[in-house]
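Quick note: the coordinates plus some simple rules give every number you see, no bench work behind them. Please read these numbers as outputs of a predicted model, since none were measured by experiment. Neighbour counts are summed over all protein chains in view; Cβ atoms, including those assigned to glycine, are modelled from backbone coordinates with ideal geometry.
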Amino acid sequence: MTYIPKVIALVLTYKDINLTNKCVKSIIDSSYPLLSVYLVDNGSEFDCINPVVNQHQNLNYIALKRNVGYAGGFNAGIQFLYESKLEFDYILLVTNDLELDASALDGLVGIMKNDQNIGFLGPETFKRGRSGEHDQWVTKLAHKDNPATLVFDNETE
């Protein structure tokens, strides 16, 4: 029997029901079999994000008291996972303005599982409705204390 790694998705949100709902739905609808989804609310009032939490019965909710920013929100979510002693193999970090293709996690986990030298992996993202136009780029700032190497697969620019 093949081992299937457990993935926990952390979705970072702040006061946006529509984008957050689309993002959460795309992750929950993923074809990946061992997946838990945690919504990390970055300081919104609960009434603001409550409709999203109520709409998805398997959605876990982490409420931060104030907006601590992008890195602070994800760090708080990761800290919660470790302090809760949850078992998982990988963490997927997603901002609420992204939607996942149904098979995206299968591909990402497959790559990570087959190459133990990879410690961090991210998908290529595109602006909504415009395939081929990048929404964000992964960049590496040269620094003597950062030995990471980025490998871009099929990049032409």
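Quick look at the values:
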| item | result |
| --- | --- |
| Potential extension, GLN116-ASP97 segment - 0.36 nm per residue separation minus Cα distance | 3.9 nm |
| Trypsin sites (Lys or Arg not before Pro) within region 1-95: DSSP coil, no more than 16 neighbouring Cβ in 10 Å | LYS6, LYS15, LYS65, ARG66, LYS85 |
| Summed side-chain charge close to CYS48 - residues other than CYS48 whose Cβ falls under 12 Å, Lys, Arg +1, Asp, Glu -1 | -3 |
| Burial order of peptide ranges 115-121, 33-39, 90-96, 102-108 (average beta-carbon count within 10 Å, highest first) | 90-96, 33-39, 102-108, 115-121 |
| Spread of Cα-to-Cα distances over 5 Å intervals beginning at zero, given as percent, for region 1-119 | 2, 11, 23, 23, 20, 12, 5, 2, 1, 0 |
| Under 5 Å, built H, 5+ apart or other chain: amide partners of THR95 | LEU12 |
| 10 Å beta-carbon shell around SER26, net charge (K/R +1, D/E -1) | -1 |
